[in-house]
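Right, one structure below, let's go through it.
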Amino acid sequence: DEAQTRGGLQGTNGSTAADLTFDPRTSRERPFVFRMCASDEVMGALLAEFAVERLGARRAALLFEIGRTYSARLARTFTARFRDRAAGREVEEFHYLALETDFRPQLRRIQEYRPDVIFLPGSFPDATLVAAQSRSSATKRAPGAACSAFENASAFLQPSTLARNELS
């Protein structure tokens, strides 16, 4: 806000929040703020399109953190673009809480759901734990989709199909 008031230019290569360039309090654009990456809305929609068009997915499992804006926004846009009952596409949501480290219960439920793709719009620590824990489950058969959570090479230190098949 201080830089905006003084007319200072701001640029980010990693902030995906929609309100970065638009102030919801004033309903005005922020003319000195620039994003160098896609917004959450764009990333979620593009990953859903990729899952449908390139992977031929009909059933998607969505594993996201409750209460985290980034995770919820990506989940919402992915679901809105992917779900189409008339076309036979469905999404099942699976949730976890902040600071949760054991994802095996959710992975078992995802396994029972038998998705064609798993979408994980979470943080890097969450994605790393899910990738490692997914090795021992049948979720290995479903390609994984993640956003910026898998941009760090450390996610690949313990190989799993979820980590190897991330889409972004």
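The values are calculated or read from the model by the stated rules, or taken from the named source; none is laboratory data. The shown structure was predicted, so the numbers you read here are calculated from the model rather than taken from an experiment. Heads up: the accessible areas ignore ligands, DNA and RNA and are worked out on the full protein's heavy atoms, side chains in. Shrake-Rupley method; radii C 1.70, N 1.55, O 1.52, S 1.80 Å.
Brief remarks on what is shown
- The fraction of accessible area contributed by carbon and sulfur in region 51-94 is 41 percent, rounded to a whole number (1.4 Å probe; ligands and nucleic acids excluded).
- Put simply, the amide H of Val91, placed in the peptide plane, has neighbours under 5 Å in Ala60, leaving out anything fewer than 5 places away on its chain.
- Here Met36 sits with roughly 130 square angstrom of accessible surface, probe radius 1.4 Å.
- Cα centroid separation, region 77-95 to region 35-66: 10 Å.
- Solvent accessible area, Å² - Arg59, 1.4 Å probe, full protein context: 70 Å²
- Solvent-accessible surface (1.4 angstrom probe) belonging to Phe22, in square angstrom, nearest 10: 80 Å²
- Average accessible surface area per residue within region 4-56, 1.4 Å rolling probe, Å²: 65 Å²
- DSSP beta bridges in region 21-136 [antiparallel fraction, %, rounded to 5]: 25 percent
- Dividing the mean sequence gap of close Cα pairs (under 8 Å, 6+ apart) by how many residues region 10-79 holds gives a relative contact order of 31 percent.
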